[in-house]
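Structure record follows, encoded as C-alpha cells.
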Amino acid sequence: MKTAFALALVAAAGAANADVLVNEVVGSTTGGDVEFIELYNTGASAIDLTGWSIELWDSDIDAGGSGFGGADGTAPYALSGSIAAGGYWTIANGETASQIGFTGDAFFGNNSIENSSYTLILRDGMGNIANSIFFNDGDAGDQANDAGAAITADVTVGPDGSFLPAGFYRFGDGSDIIELHNFSDFTDYTPGAANVPAPAGLAIAGLGLIAAGRRRR
Ligand SMILES: [Ca+2]
Ligand SMILES: [Ca+2]
Ligand SMILES: [Ca+2]
C-alpha cells in the first residue's frame, strides 16, 4: 500500500497538466505596446492555478541582443485563482486597458514583453512545463530556451517577414492551427474571449495557405 502510493506520487510529479494552453499572445504592436497573454482550459474541469507561473526568457543570440537566457521584464509572473473548464485566464498591461478596453485577471507593467525573440513558458503547479511558445524575430541563432538551457518549444511563432510578429492566436480555442496577429489592426485581438474559430468543413490541406494569407501588417 505504501509502495503503491509512492509510485502514484512519482507518476503525478512527472506528468505536466496538458489541459491549459497558451491560447493567444500580443506583445509587440504599433505605438505603445498592447501586451497580454491568454490561457485557455481545454479540459472538462476547473483547474486551480495556485503555484503556476508564466516565464519569459530572452532568446536573442544576435550581437546587441541583451542577456540571452535572462528573464524579461519582471517575469516570472505567479498565477492565482482558477480557470474554468472551457474558460480563459489573462494577464494584461495598461495599454491593453487604454487601447482596447480590456482588463485581465492579472496585471503586468507596460513593456513586460520584449520586442525581439523570447520564449514563453507556462509552468504548472508541480514545476513542469505545461506549454511553451518560442517567438522568433528571425535572427540567425536565436534559440528557444528555459533559463538559458535550449529547448524545443511546443509552438514556434514567426518571424513575420524580418520582424517579431505582433503575437499569435490559436485559430479556434485550443487548436493546433496557429495564426499571426496583425500589428495595427486590433480587431482580431480577443483577450479573455473566444478566438476566431476555424470555419467548419475547412479542408486541412488548405490551412497553410489560409494561415499565410491572413497574415498582414
Ligand atoms: Ca533576435
Ligand atoms: Ca512589447
Ligand atoms: Ca482570445
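The values are calculated or read from the model by the stated rules, or taken from the named source; none is laboratory data. This one's a predicted model, so the numbers in the text were calculated from it and none came from an experiment. Here Cβ is always computed from backbone atoms with ideal geometry, including for glycine, and neighbour counts include all displayed protein chains. Quick note on the areas: whole protein, heavy atoms, side chains included, nothing else; ligands and nucleic acids left out. Shrake-Rupley method; radii C 1.70, N 1.55, O 1.52, S 1.80 Å.
The residues of region 91-113 that are among the aliphatic types (A, V, I, L, M) and open to solvent by 10 Å² or more (accessible area, probe 1.4 Å), listed by number, are 97, 100, 106. The residue list 117, 80, 59, 112 contains one member that is farther than 24 Å from residue 184 by Cα and either within 16 Å of ligand 2 (Cβ to nearest atom) or among the charged types (D, E, K, R) (or both), which is 59. If you filter region 120-141 down to residues that are part of a loop (DSSP other than H, G, I, E, B) and of a type in the set (Gly, Ala, Ser), you find that the one that is surrounded by the fewest Cβ atoms within 10 Å (Cβ to Cβ) is 140. List the residue pairs whose Cβ atoms are under 8 Å apart, where the first residue sits in region 96-117 and is farther than 29 Å from residue 144 by Cα and part of a loop (DSSP other than H, G, I, E, B), the second is of a type outside the set (Val, Ile, Thr) and within 12 Å of ligand 2 (Cβ to nearest atom), and the two are 6 or more positions apart or on different chains. Going by the 8 Å Cβ cut-off, the qualifying pairs are 102/36. Screening region 179-194 for residues that are within 14 Å of the chain's Cα centre (by Cα) and in a loop (DSSP other than H, G, I, E, B) and picking the one that is surrounded by the most Cβ atoms within 10 Å (Cβ to Cβ) gives 181. Considering each of 66, 53 in turn, give the residue that is at pLDDT 95 or above and surrounded by fewer than 21 Cβ atoms within 10 Å (Cβ to Cβ). Just one listed residue meets the conditions, 53. Annotation note: of 85, 75, 144, the sole residue that is open to solvent by 10 Å² or more (accessible area, probe 1.4 Å), touching a Ser or Thr at 6+ places or on another chain (Cβ under 6 Å) and more than 15 Å from residue 26 (Cα to Cα) is 85. In the set (1) β-branched (Val, Ile, Thr); (2) over 20 Å from residue 83 (Cα atoms); (3) away from ligand 1 (no atom under 16 Å from the Cβ), residue 121 fails one condition alone, (2).
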